[in-house]
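Engineer: First the structure, then my questions, so here it is.
The values are calculated or read from the model by the stated rules, or taken from the named source; none is laboratory data. From a predicted model like this one, the values you see are computed outputs, not experimental measurements. FYI the Cβ positions are ideal-geometry reconstructions off the backbone, even for glycines, and counts take in every protein chain you see. Side chains are part of the model used for accessible areas, which takes the heavy atoms of the whole protein and leaves out ligands, DNA and RNA. Shrake-Rupley method; radii C 1.70, N 1.55, O 1.52, S 1.80 Å.
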Amino acid sequence: MLLQRYRDSQRINHWLIVLLFLCAGLSGLAFFHPSLYFLTHLFGGGPWARILHPYMGLGMVIAFAFLAAQMWRDNRWTDVDRQWMRQSGDMIFGGHKHGTQPAHKYNAGQKIVFWIMVVSLLILLVTGFMFWHAWFPDGNILMRRVAVVLHAAAAAILILTIIIHVYAAIWVKGSFRAMTRGTVTDTWAAHHHPLWHKAVKERPPA
Ligand code: HEM
């Protein structure tokens, strides 16, 4: 039996974010170090990469804001997450002494990833505006330098977080179909998100 996890609009939005993340990320890396400058070829050369990067980044943040507005409630920290964290050692190092980990729609690990995405994208947005020369006059030079460092640090944190996010999506077998087909199996839900599974089962049919 299959359970609905994401609507079509949420999945389209998610994959749009992925596309914009790759474009903004690759063009941003091209400016990070000369050895990565070749990446600008993907965007039509240096000047085009520089012109397009802020628009692609802004597009990613706006698309993410729509997704986050629908998901933040399910990512609030609860006692269940504290228990999940206490048992996470079992999961990583094997054993599962305590049986299945408790989790609602998202487990504590996913919630941490979600909030890191929110904070790092906010920092990228605010600091990016501070040195978007095409639209905003150059302000204080020191402020701009601090903004550039924070922008690069937030980007590095976001990239590492997305690597963890993708690794987890592959590692937890059966998760991928949630974002490709919108559904998960009954067994997957009962095993990985038992409290969400129970709530979905108890919900009266639409
Ligand atoms: C190739 C890259 C990516 C893959 C393969 C991927 C895969 C997935 C999968 C399979 C899920 C469903 C997990 C579940 O329902 O348990 C998911 C959820 C999600 N993804 Fe991605 N994703 C990628 C990139 C991104 C990026 C770049 C962002 C944002 C910057 C993002 C944000 C989210 C969010 C917010 C959720 C909902 C989970 C939550 O709120 O904790 N993903 N992703």
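Engineer: Please find, in a Gaussian network model of the chain (springs between Cα atoms separated by less than 10 Å), the residue of 182, 94, 44 whose mean-square fluctuation is greatest.
Structural biologist: Highest fluctuation of the listed residues: 94.
Engineer: Oh, and also: What is the packing order of peptides 150-157, 5-12, taking the mean over residues of other C-beta atoms within 10 Å and listing the highest first?
Structural biologist: Per-residue Cβ counts within 10 Å, averaged per peptide and sorted highest first, yield 150-157, 5-12.
Engineer: A follow-up question, please. With θ taken as phi - 60° and the coefficients 6.51, -1.76 and 1.60, list the Karplus ³J(HN,Hα) couplings across the range 112-117 in order, rounded to whole Hz; mark glycine and proline as x.
Structural biologist: In residue order, the calculated couplings are 4, 4, 4, 6, 5, 4 Hz.
Engineer: Length gain on complete extension for the stretch residue 86 to residue 133, per 0.36 nm per residue less the alpha carbon to alpha carbon distance?
Structural biologist: 12.2 nm
Engineer: Out of 116, 17, 141, any idea which swings most in a Gaussian network model of the chain, alpha carbons joined below 10 Å?
Structural biologist: 141
Engineer: Provide the per residue accessible area, probe 1.4 Å, for the range 38-151, rounded to a whole number of square angstrom.
Structural biologist: Value returned for the range 38-151: 61 Å² of accessible area per residue.
Engineer: In nm, what is the difference between 0.36 nm times the number of residues separating residue 73 and residue 126 and their Cα-Cα distance?
Structural biologist: 16.7 nm
Engineer: Still on this structure, I have one more. What do you get for chymotrypsin sites (Phe, Trp or Tyr not before Pro) in the range 23-73 restricted to DSSP loop and a cutoff of at most 13 other Cβ within 10 Å of the site's Cβ?
Structural biologist: 72
Engineer: Right, another one. How big, on average over all directions, is the shadow cast by the Cα convex hull of the chain, in nm²?
Structural biologist: So the mean shadow area of the Cα hull is 14.2 nm².
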